[in-house]
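Input: a single structure, listed below in structure tokens.
The values are calculated or read from the model by the stated rules, or taken from the named source; none is laboratory data. The structure displayed is predicted, hence computed values, not measured ones. Reconstructed Cβ throughout: ideal geometry from the backbone, glycine too, with neighbour counts over all protein chains shown. When the accessible area is computed, the model is the full protein with side chains, heavy atoms only, and any ligands, DNA or RNA have been set aside. Shrake-Rupley method; radii C 1.70, N 1.55, O 1.52, S 1.80 Å.
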Amino acid sequence: MVDARMGCCWSNVQDQFDNLDKHLQWGIEFVDKYNKFVKDRTDIEISYAKQLRNLSKKYQPKKNSREEEEQRFTSCRAFMTLLNEMNDYAGQHEVVAENMSGMIFAELARYIQELKQEKKMHFQEGRRAQQHIESCWKQLEASKRRFERDCKEAERAQQHFEKMDSDLNVTKADVEKARQQAHTRHQMASDSKAEYCSILQNFNKEQHEHYYTNIPNIFQKIQDLDERRIVRIGDSMKTFSEVDRKVIPIIGKCLDEITKAAESIDEKQDTQLVIESFKSGFEQPGDVEFEDFSQVMKRTVSESSLSNSRPDGKPDSKSGKSKGKLWPFIKKNKGAAPEDFSHLPPEQRRKKLQQKIDEISKEIQKESDERDGLTKMKDVYVKNPQMGDPSSVAPRLAEIGQTIEKLRQESQKFEAWLAEVEGRLPTKSDQTRRQSEMYESQSSAVNNCPQDRESPDGSYTEEQSQDPQLKVAAQNEFDDEFDDEEVLTTIGTCKAMYSFEGQNEGTITITEGETLTVIEEDKGDGWTRVRRSEDEEGYVPTSYVEVYLDKSVKGAMTYI
């Protein structure tokens, strides 16, 4: 049966059987090439997804690290959201790889095998048809040659008979023999002719069926096979596009979440967290008043004391030192930090103490949970001795009890320090009162001794007199008096609650339980000036001592 589309049927190129075989082989190799491309794309997607996941994991905050504390900031939380969304983004690439592998690569690999099998079957069928027609042709050629040979033999036998019949010298028997032989040859030729005619008719029928039915059908199947291959490639490419298109909405949501996280960043909130985290709790220092040292120029040679002296003949012990200390520049103690964090500003110290208390509470809870578990185990052992010895748990329970008791004592110690710090943090009214006292003390210090005393951080200042000669004369005349001016009035006593090593210049070392005299109370910077003897005085942390001020002296100082 000839296809109606003969103009585009492959039967028109049936004489190019081998070339069509090569073309189909190329088509199968092309499908395999495309399938390898899909496989490589799948590997790339898997590798990309893995790298994205590793990248997201690399920048995730580590547990129990400072990075976890950073999550308080909106920018850090936004970055965390970005990392999480990138992890989901990587998941979509894994979906793309999985769909391409299952919907394209695996299907095409199976289809390629089917193509090879079908192609092999059709071309085997075509070769069998070709071999059959070639066999019929050979049979026809053999019959034709046999007919030709028999005809020639019959012609020669007829000529021999006629020659023998016309020769008078030949016996009648020989003539009859020649006639019989000629007749036999003619019969053989007649039979060969009939056979040749039959084979020829059969060949023509087979040939017509071969070229007009069998071969066109085979070539049509091969053509359909190639067309299906082309359509399959197109459908596969559409699937290739759809696999990516399906994840675009989810990827878009990931990107939208990243944008939303970026828009949630609040710079004001982050900076406020920084302020809350690092505020010291110190009150603001007041203005530094002008100290007029030119009063010494108004003295006479007969003057034996400073113009602004105390009733006992010694100048005011508060002169030459402004109470407005520059607290941001206090040096930290060298070496290990004190256990009560007294080297920190009040607010920072409070936070550290609270953090320490929370850590101890967690440890106590952990030990308590373990104790409860061991207690239950002991009860089980008591009820079921075959499961274990109850006495084996007792040492560990005793150890846990001691640990919990130590932790509780430690917690009480830090809670006492915390209560002390919270009680000492200045309020607005305290700041106003202390600044007022600072202004009064600074205004009364103008006519006092020009030599400033050392501060807890070890720094000091010494103003030079405008007239060197006057300075030398005053030094020679009142040498003993200036020595007495360094001795400050005692305003109370204090008892050292903890030991403290004075490592900075301007501080002194004290031992627990020691009693000292107070010569200057804490002005809000966390330091109190004390004296052990006439030659040994300095600053100690206020939180390390228990101060008992003399009310009469304090009242007199406030009055002045």
Contour minus Cα-Cα span, E514 to D174, at 0.36 nm per residue, comes to 105.3 nm
In nm, the gap between the two label points placed 7 Å beyond Cα toward Cβ at S277 and K62 is 1.8
Counting sequence-distant residues (5 or more places) and residues on other chains, those with an amide H built under 5 Å from that of T528 are V540, T542
Any residue on another chain or 5+ positions along whose placed amide H is under 5 Å from the amide H of E514 is listed here as A496
Computed over the range 127-196, the relative contact order (Cα-Cα under 8 Å, seq sep at least six) in percent reads 45
The simple spin-label model distance between E195 and T375, using points 7 Å out along Cα→Cβ, in nm, is 11.8
Answer in debye to the nearest 20: the dipole magnitude of the range 25-64 about its Cα centre, from +1 Lys/Arg and -1 Asp/Glu charges placed on Cβ, is 580
Row for the range 65-115, column shape: gyration tensor on C-alpha, a ≥ b ≥ c, rounded if a/c < 1.5 i.e. under 1.5, prolate if a/b over b/c, else oblate; value prolate
Expected sort for 355-363, 170-178 on mean C-beta neighbours within 10 Å, highest first, is 355-363, 170-178
With all protein chains present and a 1.4 Å probe, the order of D88, D292 from largest accessible area down is D88, D292
Percent relative contact order for the range 63-209, counting Cα pairs under 8 Å at least six residues apart, stands at 25
From the Cα centre of the range 50-101 to that of the range 186-265, the distance in Å is 48
